[in-house]
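Reading through the structure tokens given below for one structure.
Nothing in this text is a laboratory measurement; each read-out follows from the coordinates by a stated rule. Remember, it's a predicted structure, so these values are computed and weren't measured experimentally. Glycine gets a Cβ as well: all are built from the backbone with ideal geometry, and neighbour counts include every protein chain shown.
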């Protein structure tokens, strides 16, 4: 437990009068009692499993048998495997595709819903719908659109004269899961960016316009720098959700064709819940957490560098 | 200025189309005869697909399981979040800084934590039970929702509570008689947040249950994708039925819901 002298001296109410000694005692204890269930759940079922995950990742056997210690064997096995290298590449392609498509769309949508009065609320609600749709539901909607007889291949075939087999070709399968995820991700990004836009004082734009600044200059020097923090949060959240996503890809392609859309998340999903391969899936779980930390560090560096300027 | 104005309407139209397209196409497909999903195919609207899925006995069971899991999760997470959120919003105490974990932990990939949890649930006999699924939903919702409720309670002016205590209310009495009634919108938003997340999730149920009888709705739909193949009329009808409850709740409570999300994630 962290405790600075200052905070222990002011233990109890943030403000307000200090009552009788008995009341003070209960007020010192009360916050701990109130937080006890939360702390218990977090430690027993989040922090402890994370620590166990590290342990299980060094074990070789599936549950039931006597576990054998294999050290970093599972990791060595994974990284030496072309299959897992493919999983990593698929994850990066998936993440890159989702960010490239969803972030500009989210910015655009955020500006649109922020700039108009009464009607903005309606469109904000409308644009948020993908975000409250279950991944498996949107997976069905997207499968319907891209499957052989669906509207997307039909239109494309009419335009190009070629066949478009979205769920059969590797590249088109990746494109399908990226489009689906970008569609699901942009609403949350839009919401966060719009919250940032709402904090920018209108006078900044007015004086910029008086100075003859172009739209682009206004965006470059006012809008973008002042929404940088919200953009950071949006990109970070979507990165982490996208890296760990297995539900929506599994529902659309099951990782196929072949391993084309089998990201690290989907591989973990299969190893853990279908093949019950605890050692390997724990190692993949550790790698997935590390991957998230790497991106967090990377974004923090970019954010820090931007603020230092 | 005028062209700019109409351009922005065009942009709004395009984004609306991107957002609504998949839903509208799903609706159309669900109302057409099977094998009639082509782009230009038309034909009379009929409800056979809905009749078909609603007559399947397993759909009712999946819905019931989903209701049980979602209701139990909300009923347990919300009181925990009120207690924890109140403590964090109103008290200073040694160790409070650790509460930053509540916004860091939701970033840990849930799927990684599920792997060791399977082993524990087997040990305590909760593997392959709905209780195990509820537990997972509680665990992954609690940190963020405590933080969300903290935000709502912090917005309530402290003076109201102090007045109540002046009149002889204990801190817990003030929580029950002042804080909770005043944070009802926030609590509804938090409850809906948990409800939608739980209703939509199939990962935890997939990880912790093996019996088809224990499937929750989205997990059942995943099985439909596997077994019905390209019966897109039936699949889309089921998808739209599954989508309805969270969509309706969102549309009714969206204002509070959005406030809660922003309060939770941007502070």
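Things to note:
- Per-residue average of Cβ from other chains inside 10 Å of B:224-232: 3
- Of the residues B:26, B:125, B:168, the one that moves most in a GNM of chain B with alpha-carbon contacts below 10 Å is B:168.
- Tail weight of P(r) past 38 Å, computed on alpha-carbon pairs of the protein assembly as shown, percent: 35
- Number of partner chain Cβ atoms within 10 Å, mean per residue of A:42-53: 6
- Three-way shape label, segment B:64-216, alpha-carbon gyration tensor, a/c 1.5: prolate
- Protection-proxy order for peptides B:53-61, A:234-242, B:196-204, B:181-189, each taking the mean of Cβ atoms within 10 Å per residue, highest first: B:196-204, A:234-242, B:181-189, B:53-61
- Average beta carbon contacts from partner chains per residue of B:14-27, 10 Å cutoff: 6
- Rounded to the nearest 10 degrees, the inclination of helix B:130-154 to the longest alpha-carbon principal axis of chain B is 50 degrees.
- Most fluctuating residue given options B:137, B:231, B:65, as computed from a GNM of chain B linking Cα atoms under 10 Å: B:231
- In terms of its C-alpha gyration tensor, chain B comes out oblate, because a/c is 1.5 or above while a/b does not outweigh b/c.
- Residues considered: B:138, B:14, B:119. Largest GNM mean-square fluctuation over chain B, using C-alpha springs under 10 Å, is found at B:14.
- Highest average packing first - B:256-262, B:146-152, A:87-93, B:160-166, Cβ atoms within 10 Å: B:146-152, B:256-262, A:87-93, B:160-166
- Cα gyration tensor shape for segment A:73-308, rounded if a/c is under 1.5, else prolate or oblate: oblate
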